[in-house]
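For reference, the structure discussed in these notes is given below.
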Amino acid sequence: AWLWLHLGAGAAMLLLGPWQFIARLRTAMPRLHRWTGRLYLAAGLFVSLAAAGLVATSPAPAGIRIAFAATGLAWLVTAAFGYIAIRCGQVQTHRRWMLRNYLVTLSPIAFRLALHAPGMAALAPPPVLIPILLWSSWALPLLLYEIGRRLGGPRQRANTLPSAA
């Protein structure tokens, strides 16, 4: 049951997320943007609940369960900062946090692509390779985003939450 909840709510997030980034829709239909955002966050909470259930009941090695839990925590943290930012009226900060959040949302796709890349399985045994790929699937995109944002100049860095954005 945990797996089906995780997969179903995750699919909803993957489908709802891209619509949030279309500026024309945000400005023309702000109520729709807010409601799809609420649905996206609700689906994310279901995914997180299911992830916790999977971590708690999985027979996988501890390294894999910890990496899986870290992905869920990364999603929750970025979603929380995005939600707090918009509640405080910090629209640009909200956008940046939700972009980070969607990068984490895409991590299962990145993980599976990396896992099935030619020659990947020969690099290390699964109990070693899987946690590395799980962590990398969200940490590397976030790192690249931050590097790009910081190299983008002062306009990119304006209007941020103190010490977090």
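Among the residues of region 66-108, write down those that are β-branched (Val, Ile, Thr), surrounded by fewer than 19 Cβ atoms within 10 Å (Cβ to Cβ) and more than 29 Å from Pro131 (Cα to Cα).
Ile84, Ile86, Val91
Looking at the structure I just gave you, is Leu39 under 24 Å from Ala23 (Cβ atoms), modelled with pLDDT of 95 or more and not β-branched (Val, Ile, Thr)?
yes
Would region 79-93 turn up any residue that is hydroxyl-bearing (Ser, Thr, Tyr), in a helix (DSSP H, G or I), more than 24 Å from Leu3 (Cα to Cα) and modelled with pLDDT of 95 or more?
Yes, some residue in region 79-93 is hydroxyl-bearing (Ser, Thr, Tyr), in a helix (DSSP H, G or I), more than 24 Å from Leu3 (Cα to Cα) and modelled with pLDDT of 95 or more.
Just for region 41-61: of the residues that are farther than 14 Å from Thr105 by Cβ, of a type outside the set (S, T, N, Q) and out of contact with any Phe, Trp or Tyr (no Cβ under 7 Å at 6 or more places or on another chain), which one is least open to solvent (accessible area, probe 1.4 Å)?
So the residue we want is Ala60.
Which of the residues spanning region 109-165 are at pLDDT below 85 and either surrounded by 11 or more Cβ atoms within 10 Å (Cβ to Cβ) or of a type in the set (Lys, Arg) (or both)?
Ala121, Arg155, Gln156, Arg157, Asn159, Thr160, Leu161, Ala164, Ala165
The values are calculated or read from the model by the stated rules, or taken from the named source; none is laboratory data. Model, not experiment: these values are computed from the prediction. Here the Cβ is made from the backbone with ideal geometry for all residues, glycine too, and neighbour counts use every protein chain on show. With ligands, DNA and RNA removed, areas are computed over all heavy atoms of the protein, side chains included. Shrake-Rupley method; radii C 1.70, N 1.55, O 1.52, S 1.80 Å.
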